[in-house]
Amino acid sequence: MLQLYFFPMACSLASRIALMEAGIEARYHLAHIWTKKVLDDDSDFRVVSQKGAVPVLVLENGERLTESAAVLQYIADRKPELGLAPPPGDLDRYRLQEWLSFIGTEIHKGFLFPTFWYKDDASKASARERIWQTVSVAAARLNGRDYLVGDRFTVADAHLAWALMLLRSAGVDIAQWPELVDYLARMHARPHVKAAVGIETQLWKKMAA
Ligand SMILES: N[C@@H](CCC(=O)N[C@@H](CS)C(=O)NCC(=O)O)C(=O)O
(Lines give C-alpha, C1' and ligand atoms only; values in the text may rest on other atoms or scores of the structure.)
Protein backbone atom coordinates (compact mmCIF):
# COMPACT_ATOMS: atom_id res chain seq x y z
CA MET A 1 0.00 0.00 0.00
CA LEU A 2 1.20 3.52 -0.74
CA GLN A 3 2.04 5.71 2.26
CA LEU A 4 1.89 9.49 2.35
CA TYR A 5 3.73 11.67 4.83
CA PHE A 6 1.73 14.85 5.18
CA PHE A 7 1.12 17.86 7.40
CA PRO A 8 -2.46 19.16 7.75
CA MET A 9 -3.33 21.81 5.14
CA ALA A 10 0.26 21.89 3.83
CA CYS A 11 1.03 21.29 0.14
CA SER A 12 0.75 17.54 0.75
CA LEU A 13 -3.03 18.14 0.79
CA ALA A 14 -2.85 18.13 -3.02
CA SER A 15 -1.39 14.61 -2.88
CA ARG A 16 -4.15 13.46 -0.53
CA ILE A 17 -6.73 14.92 -2.91
CA ALA A 18 -5.04 13.14 -5.85
CA LEU A 19 -5.03 9.81 -3.98
CA MET A 20 -8.70 10.18 -3.08
CA GLU A 21 -9.69 11.30 -6.59
CA ALA A 22 -7.81 8.25 -7.92
CA GLY A 23 -9.57 5.96 -5.44
CA ILE A 24 -6.21 4.75 -4.15
CA GLU A 25 -6.10 3.65 -0.53
CA ALA A 26 -3.03 4.80 1.34
CA ARG A 27 -1.62 4.97 4.85
CA TYR A 28 -1.20 8.52 6.04
CA HIS A 29 1.53 9.58 8.46
CA LEU A 30 1.45 13.01 10.02
CA ALA A 31 4.94 14.52 9.90
CA HIS A 32 5.37 17.74 11.84
CA ILE A 33 7.13 20.15 9.50
CA TRP A 34 8.51 22.33 12.29
CA THR A 35 9.59 19.73 14.85
CA LYS A 36 10.50 17.18 12.11
CA LYS A 37 8.87 14.43 14.14
CA VAL A 38 6.57 11.73 12.77
CA LEU A 39 3.56 11.72 15.05
CA ASP A 40 2.97 7.92 14.87
CA ASP A 41 6.09 7.09 16.85
CA ASP A 42 7.92 10.37 17.51
CA SER A 43 10.62 9.28 15.06
CA ASP A 44 12.82 11.64 13.05
CA PHE A 45 11.10 12.71 9.81
CA ARG A 46 14.49 13.51 8.29
CA VAL A 47 15.18 9.78 8.25
CA VAL A 48 12.19 9.39 5.92
CA SER A 49 13.35 12.30 3.78
CA GLN A 50 16.47 14.38 4.24
CA LYS A 51 14.46 17.34 2.93
CA GLY A 52 12.25 17.27 6.02
CA ALA A 53 9.38 18.48 3.87
CA VAL A 54 6.05 16.99 2.88
CA PRO A 55 4.80 15.39 0.69
CA VAL A 56 6.75 12.14 0.80
CA LEU A 57 5.14 9.20 -0.96
CA VAL A 58 6.48 5.79 0.00
CA LEU A 59 5.90 3.19 -2.69
CA GLU A 60 5.16 -0.48 -2.11
CA ASN A 61 8.82 -1.36 -2.79
CA GLY A 62 10.03 1.16 -0.20
CA GLU A 63 11.17 3.78 -2.75
CA ARG A 64 10.44 7.33 -1.60
CA LEU A 65 9.22 10.03 -3.88
CA THR A 66 9.28 13.72 -2.94
CA GLU A 67 8.30 16.98 -4.68
CA SER A 68 4.61 17.60 -5.31
CA ALA A 69 5.03 17.73 -9.10
CA ALA A 70 6.55 14.23 -9.16
CA VAL A 71 4.27 12.76 -6.48
CA LEU A 72 1.11 14.09 -8.13
CA GLN A 73 2.06 12.75 -11.56
CA TYR A 74 3.00 9.39 -10.09
CA ILE A 75 -0.41 9.09 -8.39
CA ALA A 76 -2.20 10.14 -11.60
CA ASP A 77 -0.26 7.58 -13.64
CA ARG A 78 -1.32 4.76 -11.32
CA LYS A 79 -4.84 5.20 -12.73
CA PRO A 80 -4.34 6.45 -16.31
CA GLU A 81 -7.93 5.64 -17.20
CA LEU A 82 -9.13 8.45 -14.88
CA GLY A 83 -7.31 11.19 -16.81
CA LEU A 84 -5.90 12.85 -13.70
CA ALA A 85 -2.90 13.59 -15.94
CA PRO A 86 -2.88 13.64 -19.74
CA PRO A 87 -0.96 10.71 -21.25
CA PRO A 88 2.84 10.97 -21.65
CA GLY A 89 3.76 12.45 -25.02
CA ASP A 90 0.55 14.46 -25.29
CA LEU A 91 1.16 18.23 -25.47
CA ASP A 92 -1.25 18.62 -22.55
CA ARG A 93 1.12 16.51 -20.44
CA TYR A 94 3.72 19.24 -20.84
CA ARG A 95 1.03 21.82 -20.12
CA LEU A 96 0.32 19.94 -16.88
CA GLN A 97 4.02 20.01 -15.98
CA GLU A 98 4.14 23.69 -16.85
CA TRP A 99 1.37 24.37 -14.33
CA LEU A 100 2.72 22.05 -11.63
CA SER A 101 6.05 23.80 -11.89
CA PHE A 102 4.54 27.29 -11.85
CA ILE A 103 2.32 26.51 -8.86
CA GLY A 104 5.16 24.83 -6.92
CA THR A 105 7.88 27.36 -7.58
CA GLU A 106 6.16 30.69 -8.17
CA ILE A 107 2.85 30.57 -6.32
CA HIS A 108 3.65 28.24 -3.41
CA LYS A 109 7.12 29.56 -2.66
CA GLY A 110 5.96 33.09 -3.48
CA PHE A 111 3.44 33.25 -0.68
CA LEU A 112 5.93 32.01 1.90
CA PHE A 113 7.89 35.26 1.66
CA PRO A 114 5.29 37.61 3.20
CA THR A 115 3.88 34.88 5.46
CA PHE A 116 7.05 33.59 7.12
CA TRP A 117 10.29 34.85 5.70
CA TYR A 118 10.10 38.63 5.36
CA LYS A 119 9.71 40.54 8.59
CA ASP A 120 9.52 44.19 7.53
CA ASP A 121 6.45 45.76 5.98
CA ALA A 122 8.15 47.01 2.81
CA SER A 123 9.48 43.54 1.92
CA LYS A 124 6.12 41.96 2.75
CA ALA A 125 4.33 44.48 0.51
CA SER A 126 6.64 43.90 -2.45
CA ALA A 127 6.34 40.12 -2.02
CA ARG A 128 2.52 40.48 -2.03
CA GLU A 129 2.78 42.48 -5.25
CA ARG A 130 4.76 39.61 -6.78
CA ILE A 131 2.15 37.07 -5.64
CA TRP A 132 -0.54 39.26 -7.13
CA GLN A 133 1.24 38.95 -10.48
CA THR A 134 1.71 35.18 -10.30
CA VAL A 135 -1.83 34.49 -9.11
CA SER A 136 -3.16 36.76 -11.88
CA VAL A 137 -1.59 34.35 -14.38
CA ALA A 138 -3.71 31.51 -12.98
CA ALA A 139 -6.80 33.75 -12.94
CA ALA A 140 -6.29 34.67 -16.60
CA ARG A 141 -5.91 31.01 -17.51
CA LEU A 142 -9.19 30.18 -15.77
CA ASN A 143 -11.13 32.95 -17.46
CA GLY A 144 -13.69 30.95 -19.45
CA ARG A 145 -12.27 27.54 -18.51
CA ASP A 146 -13.26 25.13 -15.78
CA TYR A 147 -9.88 23.47 -15.33
CA LEU A 148 -6.22 24.40 -15.74
CA VAL A 149 -5.43 21.73 -18.34
CA GLY A 150 -7.80 20.33 -20.95
CA ASP A 151 -11.47 19.96 -20.12
CA ARG A 152 -11.27 17.82 -16.99
CA PHE A 153 -9.92 17.82 -13.46
CA THR A 154 -6.23 16.98 -13.26
CA VAL A 155 -3.69 16.87 -10.47
CA ALA A 156 -2.72 20.45 -11.43
CA ASP A 157 -6.15 21.49 -10.15
CA ALA A 158 -5.53 19.67 -6.88
CA HIS A 159 -2.27 21.62 -6.53
CA LEU A 160 -3.75 25.02 -7.42
CA ALA A 161 -6.86 24.51 -5.27
CA TRP A 162 -4.61 23.89 -2.26
CA ALA A 163 -2.49 26.97 -3.02
CA LEU A 164 -5.56 29.17 -3.32
CA MET A 165 -6.88 27.92 0.03
CA LEU A 166 -3.67 29.10 1.68
CA LEU A 167 -3.37 32.50 0.01
CA ARG A 168 -5.37 34.23 2.70
CA SER A 169 -2.64 33.40 5.22
CA ALA A 170 -0.26 35.42 3.01
CA GLY A 171 -2.59 38.40 3.21
CA VAL A 172 -3.88 37.93 -0.33
CA ASP A 173 -7.65 37.90 -0.75
CA ILE A 174 -8.76 35.93 -3.81
CA ALA A 175 -12.07 37.86 -3.87
CA GLN A 176 -10.36 40.22 -6.31
CA TRP A 177 -10.34 37.44 -8.93
CA PRO A 178 -13.94 36.24 -9.49
CA GLU A 179 -12.63 33.47 -11.79
CA LEU A 180 -10.63 32.06 -8.88
CA VAL A 181 -13.49 32.38 -6.41
CA ASP A 182 -15.73 30.38 -8.80
CA TYR A 183 -12.96 27.89 -9.52
CA LEU A 184 -12.27 27.27 -5.83
CA ALA A 185 -16.00 26.83 -5.18
CA ARG A 186 -16.10 24.24 -8.01
CA MET A 187 -13.12 22.46 -6.49
CA HIS A 188 -14.68 22.44 -3.01
CA ALA A 189 -17.85 20.97 -4.51
CA ARG A 190 -15.96 17.86 -5.64
CA PRO A 191 -16.71 15.15 -3.07
CA HIS A 192 -13.10 13.97 -2.78
CA VAL A 193 -11.72 17.49 -2.44
CA LYS A 194 -14.34 18.25 0.21
CA ALA A 195 -13.55 15.04 2.09
CA ALA A 196 -9.76 15.59 1.96
CA VAL A 197 -10.08 19.20 3.14
CA GLY A 198 -12.49 18.09 5.88
CA ILE A 199 -10.03 15.50 7.21
CA GLU A 200 -7.11 17.91 7.24
CA THR A 201 -9.07 20.83 8.68
CA GLN A 202 -10.09 18.64 11.61
CA LEU A 203 -6.51 17.51 12.15
CA TRP A 204 -5.28 21.09 11.92
CA LYS A 205 -7.84 22.25 14.50
CA LYS A 206 -6.87 19.38 16.82
CA MET A 207 -3.20 20.33 16.56
CA ALA A 208 -3.90 24.02 17.10
CA ALA A 209 -6.10 23.35 20.16
N1 LIG B 1 9.34 21.70 -3.53
C2 LIG B 1 8.53 20.97 -2.61
C3 LIG B 1 8.22 21.86 -1.44
C4 LIG B 1 7.63 21.11 -0.30
C5 LIG B 1 7.39 22.03 0.88
O6 LIG B 1 7.86 23.16 0.93
N7 LIG B 1 6.63 21.53 1.86
C8 LIG B 1 6.40 22.30 3.03
C9 LIG B 1 4.95 22.22 3.44
S10 LIG B 1 3.88 23.04 2.30
C11 LIG B 1 7.25 21.72 4.13
O12 LIG B 1 7.15 20.57 4.45
N13 LIG B 1 8.13 22.57 4.68
C14 LIG B 1 9.00 22.20 5.74
C15 LIG B 1 10.39 22.62 5.50
O16 LIG B 1 10.71 23.00 4.36
O17 LIG B 1 11.18 22.56 6.45
C18 LIG B 1 7.24 20.46 -3.26
O19 LIG B 1 6.77 21.11 -4.19
O20 LIG B 1 6.72 19.43 -2.83
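The values are calculated or read from the model by the stated rules, or taken from the named source; none is laboratory data. Fair warning: this is a prediction, and the values are worked out from it, not measured in the lab. Positions of Cβ are backbone-derived with ideal geometry, glycine not excepted, and every protein chain shown enters the neighbour counts.
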Worksheet item: Just to be sure, is P87 in contact with a Lys or Arg (Cβ under 8 Å, 6 or more places away or on another chain) and without any contact (Cβ under 8 Å) to a residue 40 or more places away in the chain?
Response: yes
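Return the only residue of L72, L59 being buried (at least 18 other Cβ atoms within 10 Å of the Cβ) and among the hydrophobic types (A, V, I, L, M, F, W, C). Before the answer, list the steps.
Values: L59 fails: buried (at least 18 other Cβ atoms within 10 Å of the Cβ).
After ruling out the rest, the residue left standing is L72.
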Practice prompt. Tally the residues that are surrounded by fewer than 13 Cβ atoms within 10 Å (Cβ to Cβ) and under 20 Å from the mean Cα position of the chain (by Cα), restricting the search to the stretch 118-136.
Written response: 1
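Is it fair to say M20 is of a type in the set (A, V, I, L, M, F, W, C) and under 18 Å from the mean Cα position of the chain (by Cα)? It would help to see each step written out before you state the result.
Values: of a type in the set (A, V, I, L, M, F, W, C): yes; under 18 Å from the mean Cα position of the chain (by Cα): yes.
Yes; evaluated as a whole, the condition is true for this residue.
Using the structure shown, decide if P55 is within 13 Å of the ligand (Cβ to nearest atom) and modelled with pLDDT of 95 or more. Lay out the reasoning, then the answer.
Working: within 13 Å of the ligand (Cβ to nearest atom): yes; modelled with pLDDT of 95 or more: yes.
Considered against the rule, which asks whether it is within 13 Å of the ligand (Cβ to nearest atom) and modelled with pLDDT of 95 or more, P55 comes out as yes.
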Worksheet entry | Entirely in the stretch 150-209, the helices (runs of 4 or more DSSP H) that have 3 or more residues that are in contact with a Gly (Cβ under 7 Å, 6 or more places away or on another chain) and of a type in the set (D, E) | none
Discussion item. Where the second residue is among the charged types (D, E, K, R) and modelled with pLDDT under 85 and the first is in the same structural domain as S169 (by TED's automatic domain parsing) and lies in the stretch 114-141, which pairs have Cβ atoms under 6 Å and are six or more apart or on separate chains?
Written reply: P114/K124; P114/R128; Y118/K124
Item to complete: With a cut-off of at least 3 residues that are aliphatic (A, V, I, L, M), within 29 Å of L142 (Cα to Cα) and out of contact with any Leu (no Cβ under 7 Å at 6 or more places or on another chain), name the strands (runs of 3 or more DSSP E) lying wholly within the stretch 21-118.
Response: none
Discussion item. I'd like to know if the stretch 62-77 contains one or more residues that are within 24 Å of F153 (Cβ to Cβ), more than 14 Å from the ligand (Cβ to nearest atom) and without any contact (Cβ under 8 Å) to a residue 12 or more places away in the chain.
Written reply: yes
